[in-house]
1. Applying the selection to segment 155-182, what residues are open to solvent by less than 20 Å² (accessible area, probe 1.4 Å), of a type in the set (Ser, Thr, Tyr) and under 15 Å from residue 136 (Cβ atoms)?
2. Which helices (runs of 4 or more DSSP H) does segment 442-511 wholly contain that include 3 or more residues that are on the phi < 0 side of the Ramachandran plot and open to solvent by 10 Å² or more (accessible area, probe 1.4 Å)?
3. Could you grab me the full set of residues in segment 511-562 that are at pLDDT 95 or above, touching a Ser or Thr at 6+ places or on another chain (Cβ under 6 Å) and farther than 17 Å from residue 602 by Cβ?
4. Could you please give the count of residues in segment 535-549 that are part of a strand (DSSP E or B) and of a type in the set (Ser, Thr, Tyr)?
5. For segment 87-99, give me each residue that is in a helix (DSSP H, G or I) and either hydroxyl-bearing (Ser, Thr, Tyr) or within 27 Å of the chain's Cα centre (by Cα) (or both).
6. Which one of the conditions (1) in a loop (DSSP other than H, G, I, E, B); (2) hydroxyl-bearing (Ser, Thr, Tyr); (3) in contact with a helix residue (DSSP H, G or I) (Cβ under 8 Å, 6 or more places away or on another chain); (4) open to solvent by 60 Å² or more (accessible area, probe 1.4 Å) does residue 123 fail to meet, given that it meets all the rest?
7. Within segment 368-378, is there a residue that is within 23 Å of residue 328 (Cα to Cα) and of a type in the set (D, E, K, R)?
Amino acid sequence: MQSMNRIQLLLLVIICLSSCLPLPEKEVVDKPIHTHEAIFQSIHKHANRQHSDSIRILLAHPNKFVRAAAAEVCGSIKQREYIPMLKTALQDSSIEVRSAAVYSLGQIGDPSSEGILIRSFSSQDSIHGENTTYNRMVLEAIGKLGSKQSLENISSVKSYTDDDSELLLGQAKSIYNFALRDIYSKSGTERMNYLLTNARVTEQIRTIAANYFYRAKSIDIEPYKYQIAKLVKEGTTPDIRMGCAAALSKTNSPQVQSVLLEQLKVESDYRVKCNIIRALSSYNYIEVIEPILALTEDDNINVAIVAAEYVLNTGNAKDISIYREYAEKDLPWQVKSKLYQAVLRYVPNSYLNTRNIVYNEVSTLMTESKNPYAQSAYAMALSEDVLRYKRLYELLSPSEVLPVKTTLVEGLYNAVRSPKWSAAYNTRSKNRYAKGEIATMIKSMMMTGDAGQSAAAATMLSDTSVGFNELALDYSYLDSLKNELSLPAELETYNLMSEAINLLMDTTVTKAVSSNVKEIRWELLNGVGDTTLATIKTTRGDIDIQLKPSIAPGTVANFIDLAQQNYFDNRVFHRVVPNFVVQGGCPRGDGYGSSDFTIRSETPPVSFDQAGLLGMASAGPHTESCQFFITHSPAMHLDGKYTFFGQVISGMDIAHKLEIGDIIEDVVIQ
């Protein structure tokens, strides 16, 4: 009995002592990491410097969250040398690490990773288990690098129930990712139609399916057009209705046309209306032009602009008098300029009197305007008169306004691409002589060293469809001009000129990379978290942005740094694409400006799947600097390519109202 009591006492002592002992080592080290911690900063410092050896060491860290973060940053770097270590990470005991490795392999996009990704797909597909999220990521990654056979295999899976949201999401994103790579299958399109029309699956999945029908370039929507048209009217969210409306540009069915025109009358969301107007470009012009012309007077500037773009892109010579009547109305310059451009585009070269009158009207509007963006828009309208390219040069070449200078080159490019060019210069000698004159103008402008003009000129010279590469001209000056550019501020121009040189001089010039990647200033993130606000004060009102340093710490630190330096003060929104983005922060105001540094792209697994997301403009991987954009609507084709670093939480109505030339008065970090 006493022996039994001693055993019980010993057990009691052991239990008491064990309650005082530290937790097992695994439980101690496996804890989430945050932006203020040294280990988090170390991971992103090595990613910023692209230290692959250091990242390899971090992939062996005892804390699974450190290993996962190290694996994830490889998806922003996107270099093949990281593939072996990521494949090793697929064997990690932690599903967080394996998921991050899967994502990064998809980001790198090397087909050699397809087999190991397929093998890593877990057969334990419990509906609510952690494997479903992992498998969803595997499916998405395969869509970024897999073969058409993998698309067929993924599309044929119909065993997922409507409640298997993660797996259905992975299937939808996979098929969508294949489509962005121009890989399609009939079974994939059939599956996306099922998901789009199935009201029992999540709105997120249905939105991806709607965008598939919009973004997939070469699919046949004829078998699905009536179901898609029905959703333009009855879709439960504007995001679904927008995607479906845009998709219907792939048919020209009279019945679908009737649905689109009827919905155009009653639709309350301007973004859906914009997509309906764009889709109607595929339909019977005579039956749709009247209601679209009426929308050039719409109270919503975005709708009016898109309506004018329809006229510009779809008009004809018979109706130029009607376009002119509308152009002469009291309309915003963005609309008026496009209507005048339509008149000059479609008026025959032989209508000398009409051409002269309209050309003079537009010239007057351009010279009297004090708005450089209005001047540029009217200049682009003048470029439609292909017989007056020399007059365009005479009018604009004296200007020192940067957006106007760039537009001069873009206008000459527009002229040589015009269908009217070949009619005006209808012999080989005439064509070569006129293009030779333009080439001389281009050289003269490029010799001034203006980065915007040089970038636009390089784009034109690289376009084999307009034939500057067929002229026996000396382009050797391009190489010396390229080498005089300031890097990395003029990196985009440098690389565009490199492309032109490679074509015109039959050589191989390697594109440049940034020589000054900005270090992450971690002290700027002290006290900053994912609820920190940045207020963009504009001439139309304030936009409150919730910054996301946990997702893109380097980008957020850079944005704060620029704001504190008052860099954004009095910059403009130089680019507005209705129902896509508004973009600002360019020091030149024409989109070709940058700073004397770049920052790394930061593209973890987040999606541009809604309106009001803040992203960094880019001319390619790791070229970001100072330009940012705000989305009007879902833009999932940007996923994994552009840095997302914030979200509008107030003032989205202001973002929707912004116009080209609107001013950023200040950016205040709360």
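1. Across segment 155-182, the qualifying residues are 174, 176.
2. Numbers: elements: 451-461, 477-483, 491-504.
Output list reads 477-483, 491-504.
3. Matches in segment 511-562: 542, 544.
4. 2
5. The answer is 88, 99.
6. Against the list (1) in a loop (DSSP other than H, G, I, E, B); (2) hydroxyl-bearing (Ser, Thr, Tyr); (3) in contact with a helix residue (DSSP H, G or I) (Cβ under 8 Å, 6 or more places away or on another chain); (4) open to solvent by 60 Å² or more (accessible area, probe 1.4 Å), residue 123 comes up short only on (3).
7. yes
Residues are listed down the side, and each one gets a yes or a no for (1) open to solvent by less than 10 Å² (accessible area, probe 1.4 Å); (2) assigned to a helix (DSSP H, G or I); (3) of a type in the set (A, V, I, L, M):
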residue: 71; (1), (2), (3): yes, yes, yes
residue: 75; (1), (2), (3): yes, yes, no
residue: 101; (1), (2), (3): yes, yes, yes
residue: 107; (1), (2), (3): no, yes, no
residue: 114; (1), (2), (3): no, yes, no
residue: 149; (1), (2), (3): no, yes, no
residue: 152; (1), (2), (3): no, yes, no
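The values are calculated or read from the model by the stated rules, or taken from the named source; none is laboratory data. Worth saying up front: this structure is predicted, and the values here are computed from it rather than measured. Note that each Cβ is placed from the backbone with ideal geometry, even for glycine, and that neighbours are counted across all protein chains shown. These area figures cover heavy atoms from the full protein model, side chains too; ligands, DNA and RNA do not enter into them. Shrake-Rupley method; radii C 1.70, N 1.55, O 1.52, S 1.80 Å.
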